[in-house]
Amino acid sequence: MKFESSSAISKGLGNALQTISEIGSLPAIRGRWYFVDPYKGADTSSGKTIDTAVASLSAAYAKCLDEVGDGICILSAGDTAAETSSYLKTAFTWAKDGITVVGIGAPVKMFQRARISNKQVTTTANLTVAVGALKVITRAAGSFITDGWEVGMTLITAGDQTVTSVVTAVSALSITVADNLTASAAGITSITSSVPILITLTGTNNSFYNLGFWNGGTAAADIGGIKITGHRNYFGNCHIVGGAGAASANQYSLLIEAGEENTFENCVIGTDTVDRGNNADTELILKGAAARNRFKGCEFLSWVTAGTAHGAIRSNATNGGRVTLFENCVFNSLFSTTTPAAVHLVTGTVSKIAMKDCACYNFTGWGVSVAVDSPATAASAAGGIATTV
């Protein structure tokens, strides 16, 4: 089943909870559905019905079989984070093929309430490095487990040293990491978790509908929303935001690295709620042989209060990739108080991109290697609007 428009999405989602049964069809899939309820679910449940929903996307993903055609239905309740958000504490790799993911919530185009978000954990209570066990961080009271620390998370220290390492063991009063720390009586003042990339999609033939993706980690390394190296995946009516908590020249919301024939329809990439600063970052990066990817009816959204370095798209050493097509897309930086750089920035070699019936607002122009079948750019003295439409 292909959702052709937002009205079709609304119809399908509106009827969903009335029509699904224990093995459900939402829409028709080859395998079976697993349900995620971040508010009332439990990861120890089977996930096979709404009443036995799991709490997290990762738990439902673990139950899906590769190349069988299973599905994940993410439920939302009200509007709070607890009612709507499935959290990821570690960078998540989506390697399976053929999974359909549908968010049950209002089919709005931005900030959908069926949301997948990073979960940042911070501890600041009297931390020390145990002498003789230089991979162990200890505390005198409280609990690392209660704070939310788990094996596999990335941990960053602050204080007398800065170390980034992976957590290998957790107890109430100690955390073991993979890398050695330096013993110090002063210890470290805090530890914070990091999710550099929310989801890395290496799989093929997956579909994602009506979902919000948000990486708002504050660590300098928390730069990415979704990275795609797989092929022939589909995103419909999704909002993807990366680097929402830390300004960085390496920030991106979406990175396609050698991924081929992926389609984005009616999606929003980026946000105007986070100041991108005077960084040569972009909301979309095309890297390597990123071939025949398609964007239809999408909006690329950004906000800049100082400088002109920001752009919407970057070709980063692309090679051999066939043309990327943007059709009926909007590149929107109208909320910015300065005029960012061109829509398309280039690092190294670049393959051409094509714009059909697109518009850019408050950029200096389209940039290089862009074939444009769109209104001509014309900077406006009144507001820096970069196109007349």
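For region 267-285, indicate whether the set of residues that are basic (Lys, Arg), at pLDDT below 95 and not in a loop (DSSP other than H, G, I, E, B) is non-empty.
Here is the first cut: in region 267-285, the ones basic (Lys, Arg) are 276.
In the following step, the residues that additionally are at pLDDT below 95 were identified as 276.
Among the residues that remain, those that are also not in a loop (DSSP other than H, G, I, E, B) are: none.
There is no residue in region 267-285 that is basic (Lys, Arg), at pLDDT below 95 and not in a loop (DSSP other than H, G, I, E, B).
Name the residues in region 266-312 that are of a type in the set (Lys, Arg) and farther than 14 Å from SER333 by Cα, would you?
Applying the first criterion (of a type in the set (Lys, Arg)) to region 266-312 yields 276, 287, 292, 294, 296.
Correct list: LYS287, ARG292, ARG294, LYS296.
Among the residues of region 127-156, write down those that are closer than 10 Å to ALA172 by Cα and of a type in the set (Lys, Arg).
Scanning region 127-156 gives a single hit, ARG139.
Condition test on ALA141, is it over 17 Å from ALA219 (Cβ atoms), assigned to a strand (DSSP E or B) and out of contact with any Asp or Glu (no Cβ under 6 Å at 6 or more places or on another chain)? Write out each step before concluding.
On the way: over 17 Å from ALA219 (Cβ atoms): yes; assigned to a strand (DSSP E or B): no; out of contact with any Asp or Glu (no Cβ under 6 Å at 6 or more places or on another chain): yes.
No.
What is the number of the single condition among (1) open to solvent by 30 Å² or more (accessible area, probe 1.4 Å); (2) closer than 30 Å to THR146 by Cβ; (3) assigned to a loop (DSSP other than H, G, I, E, B) that ALA247 does not meet?
Here ALA247 clears every test but (2).
Check THR364, THR349, THR337 and return the single one that is over 22 Å from ASP275 (Cα atoms), in a loop (DSSP other than H, G, I, E, B) and open to solvent by 10 Å² or more (accessible area, probe 1.4 Å).
Exactly one residue qualifies, and that residue is THR349.
For region 223-236, does any single residue satisfy the condition of being without any contact (Cβ under 8 Å) to a residue 40 or more places away in the chain, small (Gly, Ala, Ser), over 22 Å from VAL68 (Cα atoms) and open to solvent by 10 Å² or more (accessible area, probe 1.4 Å)?
no
Count, please, the residues in region 162-175 that happen to be farther than 13 Å from LYS89 by Cβ, outside any loop (DSSP other than H, G, I, E, B) and either open to solvent by 70 Å² or more (accessible area, probe 1.4 Å) or at pLDDT 95 or above (or both). First the steps, then the outcome.
Restricting attention to region 162-175, the residues satisfying the condition of being farther than 13 Å from LYS89 by Cβ are 162-165, 168-169, 171-175.
Narrowing further to those that are outside any loop (DSSP other than H, G, I, E, B): 164-165, 168-169, 174-175.
The next check asks that each one be either open to solvent by 70 Å² or more (accessible area, probe 1.4 Å) or at pLDDT 95 or above (or both); those that pass are 164, 168-169.
Final tally of qualifying residues: 3.
Inspect all residues belonging to region 277-284 and state whether any of them is touching a Cys at 6+ places or on another chain (Cβ under 8 Å), within 20 Å of ASN237 (Cα to Cα), touching a residue at least 24 places away in the same chain (Cβ under 8 Å) and open to solvent by less than 10 Å² (accessible area, probe 1.4 Å).
So in region 277-284, the residues touching a Cys at 6+ places or on another chain (Cβ under 8 Å) come out as none.
Scanning region 277-284, I find no residue that is touching a Cys at 6+ places or on another chain (Cβ under 8 Å), within 20 Å of ASN237 (Cα to Cα), touching a residue at least 24 places away in the same chain (Cβ under 8 Å) and open to solvent by less than 10 Å² (accessible area, probe 1.4 Å), so the answer is no.
Within region 129-161, which residues are open to solvent by less than 50 Å² (accessible area, probe 1.4 Å), among the hydroxyl-bearing types (Ser, Thr, Tyr) and without any contact (Cβ under 8 Å) to a residue 60 or more places away in the chain?
Answer for region 129-161, where residues must be open to solvent by less than 50 Å² (accessible area, probe 1.4 Å), among the hydroxyl-bearing types (Ser, Thr, Tyr) and without any contact (Cβ under 8 Å) to a residue 60 or more places away in the chain: THR138, SER143, THR157.
A quick yes/no check of all residues on (1) outside any loop (DSSP other than H, G, I, E, B); (2) among the small types (Gly, Ala, Ser):
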site: THR182; (1), (2): no, no
site: THR204; (1), (2): no, no
site: PHE213; (1), (2): yes, no
site: LYS227; (1), (2): yes, no
site: GLY230; (1), (2): no, yes
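I'd like to verify a number: residues in region 59-105 that are open to solvent by 50 Å² or more (accessible area, probe 1.4 Å), more than 16 Å from the chain's Cα centre (by Cα) and in contact (Cβ under 8 Å) with a residue 24 or more places away in the chain, how many?
Matching residues across region 59-105 total 7.
What's the number of the condition SER193 fails, among (1) open to solvent by less than 10 Å² (accessible area, probe 1.4 Å); (2) in a loop (DSSP other than H, G, I, E, B)?
(2) is the only condition that SER193 fails.
The values are calculated or read from the model by the stated rules, or taken from the named source; none is laboratory data. Small disclaimer: the values here were computed from a predicted structure and weren't measured. Cβ coordinates were reconstructed from backbone atoms using ideal geometry, including for glycine residues, and neighbour counts include every protein chain displayed. To get the accessible areas, we keep the full protein, side chains included, count just its heavy atoms, and leave off ligands, DNA and RNA. Shrake-Rupley method; radii C 1.70, N 1.55, O 1.52, S 1.80 Å.
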